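What follows is calculated from the coordinates using simple rules that are stated; it is not laboratory data. Everything quoted here is computed from the prediction, not taken from an experiment. Note: ideal-geometry Cβ built from the backbone for every residue, glycine included; neighbour counts use all protein chains shown.
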Amino acid sequence: MPSAVPTVRFAPSPTGKLHVGNVRTALMNYLFAREADGTMILRIDDTDTARSTKDYEDGLKVDLKWLGLNWDSTFNQLDRIEKYDEAAQKLKEQGLLYPCYETSEELDRQRKLQRAQSKPPVYNRAALELSAEQIAAYEAEGRSPHWRFKLSGQPVSWIDLVRGEQKIETASLSDPVLIRADGSYLYTLPSVVDDIDYNITHIIRGEDHVTNSGAQIEVFQALLNGYKEGALPVFAHTPLLVGADGKSLSKRLGSLSMDELREQGIEPMAINSLLAKIGTSDPVEPRQDIDALKREFAFEKIGRAPARFDEKELDNLNAKLLHSMSYVDAQLRLRELGADQGEKVWDLLRANLEKFDDVASWTTMLSAPMAGQISQEDAQFCAAAAASLPDVLTDQTWSEWTGQLKSETGRKGKTLFMPLRLALTGRARGPAMDQVLIILGADKAKGRLNGEVA
Ligand code: GLU
């Protein structure tokens, strides 16, 4: 199955909002496939009908597009039930899918007993011993079976692109349930059927699936009718994300949804840059476009330790990204905000931004009539500064003008510059004043220094 050009799939379950954990998996798939001119499939794992919703499905598509993680084709597992039925039939014919009638209470009791005897809580395969009469009796009681896949009991091994050589002892696993008593499929079988039908070459997912992979490889082998070398997809299991404190993110994932981050004004490329780099040997730096991340992606760079996700680092990256964002990249959004005042203004303002939309308040400050902040004790100084400001402003004006004010008034440092900044911009911090002055123009600057609304 694996060929030179990869086909990958990102397979979210639409049972919640897309969050940083699953975006990281999507991103790994995307970067790997796109760099090799491969194909990316978006598979919607919606067989859990009780928890899946169309809203979540629509939402995750919006989020992936917002992030720039586009896909070539998409499908829903619920549309392929017939295929899974065929596969289940094939497994039954091979004696690899067997009916079990235990209730969950009975299974619980069994596990407790095993634990009490210090045995691993592995399913005892009692269902394989059932006689035809016992089965008939269960059926007469109205019990319908759930179906388990019969693992080989042999070790399953593969070379994982992230974890290296892997070996799962299937003898220590319970035979996985593939079909619930209500006839619905758990994720295990549909995933393998789809991966075969869509010629998936690489399965890239979180390391919480490593044990699954042991069982799924045996399902692959059974459905492919015996294992041919090279016929299985290649696996890559990436370490999980944890918080900055090293603790699980699971309880906080709600607040780390794309929805939420977008609302906070986080740039998609800040998210992509961070998620592509944490837990790898590359430094965490902002990238303006996804192509750069693509070129830099390699499985060998991914470490085995959990990747630490730090919101502060995300905020930092977001600011850095804006500080180096070109006018061309910003222009459309500036227009939408009514904040497009040309390249020079953007280049001046971007260094002060933490969130893109903050730019609007700066452009308003530069262009709309406004009174600066002038304290009583600085009023005279500001008025004198207004009087000495030349009418024609150049790149040198600020330094010449403040130099002159310094020698005339004896003010220096903060007492010299801060009143001017406050009077001209209304704020204690902001962009380089030599440029602010030019953009304001002499009339506005004089007006504000004189305490007028200008
Ligand atoms: N729906 C599964 C999940 O979200 C997919 C796992 C896989 O990629 O096979 O965990």
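Looking at segment 205-257, which GluC sites (Glu not before Pro) are DSSP coil and have at most 15 other C-beta atoms within 10 Å of their C-beta?
Glu229
Amide H to amide H under 5 Å from Leu178: which residues, 5+ apart in sequence or cross-chain, H placed 1.01 Å off N in plane?
The list, which skips near neighbours in sequence, is Trp147, Arg148, Phe149.
Which ³J(HN,Hα) values in Hz, rounded to whole numbers, follow from the phi angles of segment 16-22 under the Karplus curve 6.51 cos²θ - 1.76 cosθ + 1.60, where θ = phi - 60° and Gly and Pro get x?
Along segment 16-22, the couplings run x, 7, 5, 10, 4, x, 6 Hz.
Under 26 Å from the Cα of Lys320, which lysines turn up, not counting those fewer than eight places away in the same chain?
Lys65, Lys277, Lys294, Lys301, Lys312, Lys344, Lys355
State whether segment 319-397 is rounded, prolate or oblate according to the following rule on the C-alpha gyration tensor (a ≥ b ≥ c being the square roots of its eigenvalues): a/c under 1.5 gives rounded; otherwise a/b larger than b/c gives prolate, and the remaining case gives oblate.
Prolate, since a/c reaches 1.5 and a/b exceeds b/c.
Projecting each Cα onto the charge dipole of the chain (Lys/Arg +1, Asp/Glu -1 at the beta carbon, about the Cα centre), which of Ala454, Thr363, Leu275 comes out farthest on the positive side?
Checking the options against the dipole of the chain, the answer is Ala454.
Considering the dipole of the chain built from charges on the beta carbon (Lys and Arg +1, Asp and Glu -1) around the Cα centre, which of Ala330, Phe417, Val436 is farthest to its positive end?
Phe417
In a shell of Cβ-Cβ distance under 10 Å around Asn352, excluding Asn352 itself, what net charge do Lys and Arg (+1) and Asp and Glu (-1) give?
It works out to a net charge of +1.
Hand me the trypsin sites (Lys or Arg not before Pro) from segment 1-64 located in a DSSP loop with no more than 12 other Cβ atoms within 10 Å, in residue order please.
Filter output for segment 1-64: Arg51.
Would you work out the charge dipole size for segment 45-188 about its Cα centre, treating the Cβ of every Lys and Arg as +1 and the Cβ of every Asp and Glu as -1, and quote it to the nearest 20 debye?
580 debye
Starting at the first residue of segment 125-132, write each ³J(HN,Hα) from the Karplus equation 6.51 cos²θ - 1.76 cosθ + 1.60 with θ = phi - 60°, in whole Hz, x for Gly and Pro.
Calculated HN-Hα couplings, in order: 6, 4, 4, 6, 8, 5, 7, 4 Hz.
Mark the label point 7 Å from the Cα of Gln110 along Cα→Cβ and return the residues of segment 186-225 whose backbone N is within less than 19 Å of it.
Under cut-off, by backbone N: 186, 215.
Return the FRET efficiency for the residue pair Lys406, Asp315: r is the Cβ-Cβ distance, R0 is 51 Å, and the value is rounded to the nearest 0.05.
0.85
If you line up the long axis of helix 397-409 against the longest principal axis of the chain, both from Cα atoms, how many degrees apart are they, to the nearest 10?
The two axes meet at around 60 degrees.
If R0 is 25 Å, what FRET efficiency do you get for Leu224 and Glu169 from their C-beta distance, rounded to 0.05?
0.70
Checking the cross-link filter: which aspartates and glutamates have an alpha carbon closer than 19 Å to that of Lys247, excluding same-chain neighbours under 8 positions apart?
In chain and number order, the partners are Glu207, Asp208, Asp310, Glu311, Glu313.
When DSSP assigns beta bridges and you keep just the ones with both residues in the chain, what percent turn out antiparallel, to the nearest 5?
Approximately 50 percent, going by the DSSP bridge assignments.
Which order, highest average first, do 293-299, 196-202 follow once you tally other Cβ atoms within 10 Å for each residue and take the mean per peptide?
196-202, 293-299
Determine the dipole magnitude for the chain: charges of +1 sit on the beta-carbon of Lys and Arg, -1 on that of Asp and Glu, nothing else is charged, the reference point is the Cα centre, and the result goes in debye to the nearest 20.
1120 debye
Indicate the gyration tensor shape class of segment 1-92 (rounded, prolate or oblate), computed on the Cα atoms with a ≥ b ≥ c the square roots of the eigenvalues: a/c under 1.5 is rounded; otherwise a/b larger than b/c is prolate and the rest oblate.
oblate
Neighbouring Cβ atoms within 10 Å as the yardstick, rank Lys301, Lys150 fewest first.
Ascending number of Cβ neighbours within 10 Å: Lys301, Lys150.
Per residue of the chain, what 222 nm ellipticity follows from adding -39500 (n - 2.57) for every DSSP H run with n ≥ 4, rounded to the nearest 500?
That comes out to -13500 deg cm²/dmol.
Taking N as the number of residues in the chain, what is its alpha-carbon radius of gyration divided by 2.2 N^0.38 Å?
For the chain, the normalised Cα radius of gyration comes out at 1.39.
Under 18 Å Cα to Cα from Lys54, which aspartates and glutamates show up? Leave out anything in the same chain fewer than 8 places away.
By straight Cα distance, Lys54 reaches Asp45, Asp46, Asp63, Asp79, Asp259.
Under Stokes-Einstein, with the Kirkwood radius over Cα pairs standing in for Rh, what whole-number D in µm²/s applies to segment 327-367 at 25 °C and 0.890 mPa s?
It comes out at roughly 249 µm²/s.
Specify whether the C-alpha gyration tensor of segment 376-449 places it in the rounded, prolate or oblate class, a ≥ b ≥ c being the square roots of the eigenvalues: rounded for a/c under 1.5, otherwise prolate if a/b is larger than b/c and oblate if not.
Rounded.
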